Amino acid sequence: MDGRFAEPVPESTELLELIHSLSDALESHYDWLWATQRSVVCSEDAVASASCRLDGWLTMAGAVPHEASGAVAQLAERHCAMHRIAAELPRARDGTRIPVATFDAFLAARKAFKDAAVQLERALWNSTCLIDALTGLRNRQGMLLELREEQHRALRDERSCSLAMMDIDHFKAINDGHGHGGGDAVLRAVARLVTRRLRPYDRIYRYGGEEFLLCLPDTEAARAAAIMDRLREEIAAQPMGAGGLCITVSFGLAALDPHRPVEESIARADQALYSAKAQGRNRVVAVG
């Protein structure tokens, strides 16, 4: 395995925390906006005691899902414009009149900011639909979006990319013997272990049931097979779930073909997985 392991944080939890922290940051911005307007209209210095924490949130917003990054950039731009125009507003002291054009620009910036904030919140909530609630991994819908992007990169850069379909062997027996709660615990444990062992740019997805799909960019078939075989051995050697169950997994490998629909490459990995099952399970099989 590559030494650069990514410490797993369940995406569902991380994303919900990001959404809630955005709500708090937006609330502080609206408090600042209210104080600014009061200061301008009433000639008070209320704005001095009001702080806007949105800049801090935008600084840490690198963790947002890719599909929401454009909305983050737009909000950051509108936020800067809002503060810049507010700083240019004269105070209504000693009969000073605010030019109509200046105040109209302020109101327009306020509306543009609100629209951008609503768009970002909607984009983040939509992203939660792409995450599997049990494991915190991207689900099949989120997987297809990211695999199509990876396919474009593979075609553009003329590089290899391998897909691995992974299935927990005899999973029905786990559910039958330990209940669905025991099965769920095994699924979560497997997802955590695999995520820890992947490189930061590798991805694992919950494909459905007890199946997961792994995407390994810049990885040819022989190296992908060696990586999956080490992962298979580690899973077999480590007790999984609350009950400390001993399990095995099977892998089917296929290249991500940049010239064919993504679904065809997934189907080829799935066919290789069926072959691994037919050959006795607890093994890695690759298709040519």
Taking THR102 and the conditions (1) under 27 Å from the mean Cα position of the chain (by Cα); (2) more than 23 Å from LEU54 (Cα to Cα); (3) among the hydroxyl-bearing types (Ser, Thr, Tyr), which numbered condition does it fall short on, given that it satisfies the others? (1)
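Would it be correct to say that ASP157 is closer than 23 Å to ALA272 by Cβ and charged (D, E, K, R)?
Numbers: closer than 23 Å to ALA272 by Cβ: no; charged (D, E, K, R): yes.
When the stated conditions are applied, ASP157 does not pass them.
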Hey, could you check region 122-141 for residues that are part of a loop (DSSP other than H, G, I, E, B) and within 10 Å of the chain's Cα centre (by Cα) and say which is farthest from TYR205 (Cα to Cα)? GLY136
Residue in region 18-32 that is nearest to the chain's Cα centre (by Cα), counting only those that are modelled with pLDDT of 90 or more and of a type in the set (A, V, I, L, M): LEU22
Residues of region 218-248 being outside any helix (DSSP H, G or I), under 25 Å from ALA189 (Cβ atoms) and in contact with a Phe, Trp or Tyr (Cβ under 9 Å, 6 or more places away or on another chain), which ones? ILE247
Taking region 275-288 on its own, how many of its residues are farther than 9 Å from SER250 by Cα and in a helix (DSSP H, G or I)? 2
So, of the residues in region 39-65 that are modelled with pLDDT of 80 or more and in a helix (DSSP H, G or I), which turns out to be surrounded by the most Cβ atoms within 10 Å (Cβ to Cβ)? LEU54
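The values are calculated or read from the model by the stated rules, or taken from the named source; none is laboratory data. None of these values were measured; they are calculated from a predicted model. No Cβ is skipped: glycine too gets one built from the backbone with ideal geometry, and neighbour counts run over all protein chains shown.
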